[in-house]
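The values are calculated or read from the model by the stated rules, or taken from the named source; none is laboratory data. Everything numeric here is computed off the predicted structure, so don't read it as measured data. Every residue, glycine as well, gets a Cβ built from its backbone with ideal geometry; the counts of neighbours run over all protein chains shown.
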C-alpha cells in the first residue's frame, strides 16, 4: 500500500497525473481540485488530500479543506474534513491510518461540518473531538416522494410510478394554496436585488454583522465559492466514479441583498440543487427579519423549490412561529464535530449554514 500526501499546490497536477487517470474510483473530481486550488484561505503547502492505493486500485482517501478560525484575537489555520471514503471490499484499506495521519498533519485542528451516523459513532469512541447536534427546520413546498423515498431505501424504487402519482395528486391539490401565498407576496413592497457576485455594499454589510462568527467570510471568500462550484450539470468524468456529490440535473446559487426604505437591511444566499434549497449564508438587522423572510419565501416560490432547509436559529424560529408557505415543516438535525479543546468555546460564536464544505454541496 502506498500513501500520497497532496497539497493545495499539487491538486491540479495530481488530477492530470497518470496515477489519477488509471483509477476507476477517484479521490477528487477535477472540478473540486480546481476549486480547492483557488481557496483564498489556503497556502500552497497546506495538505488537501490523503490517498491510499495499491496496483492502480484506490483503497481510501480523506479530503481536507483549509480555513481560518476566529476563536481568538488572531485567526488560526484549521482544516475541514470534506470527504472520507474507504473501499470496503479491501481488508487493509488504510482508512484509519489516513485518519490518524490527517489529525497529525493538521496539528489536531480537524473540523467536521456534517457527520454521517457512521462517522459520529466512530468519533464518539475516540478522544479528541467534541460532538454537537445543530437543530434547524426543513420545509416542504411540494411533495417529492418519488425522489426522496428511493434515496433512503432502494425498496421504494419499484414503487416510483405510484409515488409520482401521489406527488402529482398532492401537489395539484395544494397548488392553489401556494399560488395564493405567492400572489400575496408579490403584492408586498419587497425591495431586493439578485446578484451574480458579492459587491462592495454587500461586503461592507457582511463585515458589520459577522464579528461574532467563527469563520467570518469576506468578499473574496464568498466570490470564490460562487466562481468555483463543486457540482455541475454535466457528467465530466463518466468513465470514473466519485462517491460524493458532483453532478445534478439542475444547480445554482441565488445571491440576494434586501432593502427597506432604500436602506440595505439583509442579505442571504441559497444553494438550489435539483429543486432542493438550503440557506448557506444569512445576515440581517434584527428588526428586519420578517422582511428578509418574505423575500426568501418569494425566491423559493419563484425558483419552484420542493424543499428548503436552514440551521440559522433566527430563521428557523421565525418559520416555526409564524405563517409560512410550506405544506409541512419538520425539525432537521445535523451533527458537527470540533477538536475537544475548543468545542466548549464554540457556542459563544455563530456558525453559518454554508461553513465548511456545506456551501458547495
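Grab the helices (runs of 4 or more DSSP H) fully contained in the range 71-161, keeping just those with 2 or more residues being closer than 30 Å to residue 321 by Cα.
Working: elements: 95-105, 117-124, 145-152.
Counting at least 2 such residues, we get 145-152.
In the range 201-222, the residue that is nearest to the chain's Cα centre (by Cα) out of those that are in a helix (DSSP H, G or I) and free of Cβ contacts under 8 Å to residues at least 60 places away in the same chain is 222.
Restricted to helices (runs of 4 or more DSSP H) entirely inside the range 9-48, those with at least 2 residues that are in contact (Cβ under 8 Å) with a residue 40 or more places away in the chain are 30-37.
Checking 86, 102, 52 one by one, the residue that is assigned by TED's automatic domain parsing to the domain that holds residue 14, within 15 Å of residue 8 (Cα to Cα) and modelled with pLDDT of 95 or more is 102 and no other. Of all residues in the range 307-324, those satisfying the criterion of being closer than 18 Å to residue 272 by Cβ and surrounded by 20 or more Cβ atoms within 10 Å (Cβ to Cβ) are 307, 308, 310, 311, 312, 315, 319.
Of the residues examined, residue 221 is not one that is on the phi > 0 side of the Ramachandran plot and not assigned by TED's automatic domain parsing to the domain that holds residue 28. Is one or more of the residues making up the range 293-303 surrounded by fewer than 20 Cβ atoms within 10 Å (Cβ to Cβ), in contact (Cβ under 8 Å) with a residue 24 or more places away in the chain and part of a loop (DSSP other than H, G, I, E, B)? Taking every residue of the range 293-303 in turn, at least one turns out to be surrounded by fewer than 20 Cβ atoms within 10 Å (Cβ to Cβ), in contact (Cβ under 8 Å) with a residue 24 or more places away in the chain and part of a loop (DSSP other than H, G, I, E, B).
When the range 228-251 is filtered for residues that are free of Cβ contacts under 8 Å to residues at least 40 places away in the same chain and not in a loop (DSSP other than H, G, I, E, B), the ones remaining, listed by number, are 247, 251.
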